[in-house]
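Single-structure report; data block below.
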Amino acid sequence: MRAPPVLPSKLLAPGGLHPVLGYGFTVVCMTDATGVWVLEACTLPLVERPLRLGEFDALFAHGSTAQERLSPTVLRWTLDPPAELTARDLTARETACCSFFTFGFTVDGSAVHLDVEVPSAQAEVLDALAARASAGLAAA
């Protein structure tokens, strides 16, 4: 499985604008203190974003066992069963502020799968989440 592309921080311009590779135009987004860009569609207050990222990072490091990219717009995380309730709470709150996410849970034997889907216009957001998940899985 090929690792998702991650935009280097040097490509981020002041004001959170960044070039879209291969297209030659710029997309408006926001950059938080950690250098992670978030689409303007996100309604989570700026001060709460590092905390939310921390919650996802904790889920990836302590509750996830695998990640699989099913398509450019769909990502699957395999979770430890005890992490399911935390993941359900986290994804419900994330959907409330970033309505372009669709989260779905399935239980397969002793594994819990969390599928994350976004519209094609938000595929880069999914790429960023995949990169964070990979880092969390590697650190676990």
Seminar exercise, completed: Given backbone amide H placed at 1.01 Å from N, residues whose amide H is under 5 Å from that of residue 112, ignoring those fewer than 5 places away on the same chain, are 79
For this session: Work out from phi, with θ = phi - 60° and the Karplus expression 6.51 cos²θ - 1.76 cosθ + 1.60, the ³J(HN,Hα) of each residue of the range 87-102, listed in order in whole Hz, and give x for Gly and Pro.
Result: 5, 5, 5, 4, 5, 5, 5, 5, 5, 5, 9, 10, 5, 6, 7, 10
Problem set entry | 13 Å beta-carbon shell around residue 112, net charge (K/R +1, D/E -1) | -2
Seminar exercise, completed: Heads up, the range 45-139 by the C-alpha gyration tensor (a ≥ b ≥ c square roots of eigenvalues; a/c under 1.5 rounded, else a/b over b/c prolate, else oblate) looks rounded
For this session: Could you work out how far apart the two model spin labels at residue 134 and residue 74 are, taking each label as a point 7 Å from the Cα in the direction of the beta carbon, and quote it in nm?
Result: 2.1 nm
Seminar exercise, completed: Any residue on another chain or 5+ positions along whose placed amide H is under 5 Å from the amide H of residue 98 is listed here as 43
Seminar exercise, completed: With x for Gly and Pro, the residue-by-residue ³J(HN,Hα) of the range 131-140, computed from phi through the Karplus equation 6.51 cos²θ - 1.76 cosθ + 1.60 at θ = phi - 60° and given in whole Hz, is 5, 5, 5, 4, 5, x, 5, 5, 7, 6
Exercise. Using a simple spin-label model with points 7 Å from Cα along the Cα→Cβ vector, what separation in nm is obtained for residue 121 and residue 43?
Worked result: 1.7 nm
Problem set entry | Vicinal HN-Hα couplings computed from phi for the range 56-66 (Karplus, 6.51 cos²θ - 1.76 cosθ + 1.60; Hz; Gly/Pro x) | 5, 4, 5, 4, 5, 7, 10, x, 9, 10, 7
Exercise. Can you list residues whose amide H is under 5 Å from residue 67's amide H, if they're 5+ apart or on another chain and H is modeled 1.01 Å from N?
Worked result: 78
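Bear in mind these aren't lab numbers, they're just calculated from the coordinates by the rules spelled out. Keep in mind the model is a prediction, meaning the values are calculated, not measured. Here the Cβ is made from the backbone with ideal geometry for all residues, glycine too, and neighbour counts use every protein chain on show.
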